[in-house]
Amino acid sequence: MQKIENCQEIQALALAQRRAGKSIALVPTMGFLHDGHLELMRQARKLADLVIVSIFVNPIQFGPNEDLDRYPRDLEGDLKKCEAVGVDLVFTPTPQSLYPDFFQTAVTVTEITKGLCGAGRPSHFQGVTTVVSKLFNLTLPDTAFFGEKDFQQLAVIRRMVTDLNFPIKIIGVPIVREKDGLAMSSRNAYLPGKERQEAAAIFAALSQAGSLYREGCRESEKLCQIVLEQLEEKIKSPFRVEYIKLCETLNLTEINGLVKQPAVLLIAVHLAGTRLIDNLQL
Ligand code: PAF
């Protein structure tokens with residue numbers, strides 16, 4: 001497995017591979033890899049000649065009071081994990097190499113970024129789409145893999161790829177969960193023992209709404225309400241709900257009233273200073 005830090009070097013390598021007729025899959029990550037990331041890599045491995053994983057904690061997608069400085073990092077461990085699942089190349093740029101002095105360009109998806117996570121993190125998605133565009137230009141992938149846990153991020157990236165005609169197929173991979181149902185996330189590492197146990201209530205609450213939906217309930221208010229009630233019942237530590245929303249799966253428009261189209265229930269909760277997101281497609 002090769003490791004490259006330099007932008008020119010990886011772009012030249014990717015170009016040579018594409019010219020030689022090889023297919024490239026990109027798995028963009030911020031490192032501190034868990035099984036959710038490894039699943040993206042396994043899927044990529046099945047599809048492409050060359051699997052590239054990028055590891056970069058992207059400063060421009062963090063707000064001023066967010067966790068950029070304490071975001072967990074373990075490059076050595078990450079490299080071992082990548083090697084074990086058969087990744088060919090790991091790209092580990094520095095912030096200075098991706099954002100040199102005088103950098104002043106951004107990629108913005110205007111509408112689908114406004115609600116949900118975008119409401120509480122106003123510059124977040126612009127940071128994501130800007131870095132992902134750069135990673136696409138540097139690694140020239142045919143396919144790129146993203147987890148469905150970040151459901152809005154996946155929708156935003158699909159929108160950007162369509163709108164800007166990137167010749168790249170975006171593949172969403174289902175959420176990988178811990179044994180107790182908590183969606184895998186690098187940020188789970190922040191949770192102390194008690195709150196870590198209580199965090200399992202998030203998926204349990206979504207699942208209750210899923211059961212209610214399967215029993216025939218189509219009222220968005222009731223489906224969201226049961227999630228809140230379950231959280232209040234099961235989480236004893238202080239927590240704050242940022243949003244619980246039922247949205248159309250395709251464009252993430254909020255559904256008020258009756259659910260008549262494919263829908264997804266999305267949630268963001270703050271527990272022990274940690275922002276946790278999850279979702280359930282109904
Ligand atoms: O999902 C993530 O880890 C990040 O948002 C991404 C896509 C790697 C961009 O920094």
Subset of region 170-204, residues part of a loop (DSSP other than H, G, I, E, B), open to solvent by 40 Å² or more (accessible area, probe 1.4 Å) and more than 16 Å from the ligand (Cβ to nearest atom), comes to GLU178, LYS179, ASP180, PRO192
Residue within region 122-144 that is assigned to a helix (DSSP H, G or I), more than 9 Å from the ligand (Cβ to nearest atom) and of a type in the set (D, E, K, R) present: yes
Among the candidates THR92, THR143, residue that is surrounded by fewer than 20 Cβ atoms within 10 Å (Cβ to Cβ), in contact with a Lys or Arg (Cβ under 7 Å, 6 or more places away or on another chain) and closer than 30 Å to GLU254 by Cα: THR143
Got at least one residue in region 10-23 being open to solvent by less than 20 Å² (accessible area, probe 1.4 Å) and within 15 Å of LEU140 (Cα to Cα)? yes
So, in region 96-117, exactly how many residues are in contact with a helix residue (DSSP H, G or I) (Cβ under 8 Å, 6 or more places away or on another chain) and outside any loop (DSSP other than H, G, I, E, B)? 3
Return the residues of region 52-88 that are crowded, with 17+ Cβ neighbours inside 10 Å, in contact (Cβ under 8 Å) with a residue 60 or more places away in the chain and away from the ligand (no atom under 16 Å from the Cβ); say none if nothing qualifies. LEU79, ASP88
Only residues that are assigned to a loop (DSSP other than H, G, I, E, B) and over 12 Å from PHE56 (Cα atoms): list them for region 66-95, please. GLU66, ASP67, ASP69, ARG70, VAL85, GLY86, VAL87, ASP88
Selection over region 1-23 where residues are of a type outside the set (Gly, Ala, Ser) and over 27 Å from TYR71 (Cβ atoms) yields a count of 6
Scanning for something at positive phi and surrounded by 21 or more Cβ atoms within 10 Å (Cβ to Cβ), does region 121-138 turn up at least one residue? no
Any residue that is of a type in the set (S, T, N, Q) and either within 16 Å of the chain's Cα centre (by Cα) or farther than 22 Å from GLN153 by Cβ (or both) - is there at least one of those in region 63-72? no
Is region 239-250 home to any residue that is crowded, with 19+ Cβ neighbours inside 10 Å, in a loop (DSSP other than H, G, I, E, B) and at pLDDT 95 or above? no
If we ask which residues in region 154-169 are within 13 Å of the ligand (Cβ to nearest atom) and open to solvent by 40 Å² or more (accessible area, probe 1.4 Å), their number turns out to be 1
Please verify whether LEU212 is more than 14 Å from the ligand (Cβ to nearest atom), under 20 Å from VAL259 (Cα atoms) and open to solvent by 40 Å² or more (accessible area, probe 1.4 Å), treating the condition exactly as stated. yes
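The values are calculated or read from the model by the stated rules, or taken from the named source; none is laboratory data. In this text the structure is predicted, and so the values were computed from the model without any measurement. A quick note on method: Cβ atoms are made from the backbone with ideal geometry, for glycine too, and the neighbour counts reach across all protein chains shown. Note: areas computed on protein heavy atoms with side chains; ligands, DNA, RNA excluded. Shrake-Rupley method; radii C 1.70, N 1.55, O 1.52, S 1.80 Å.
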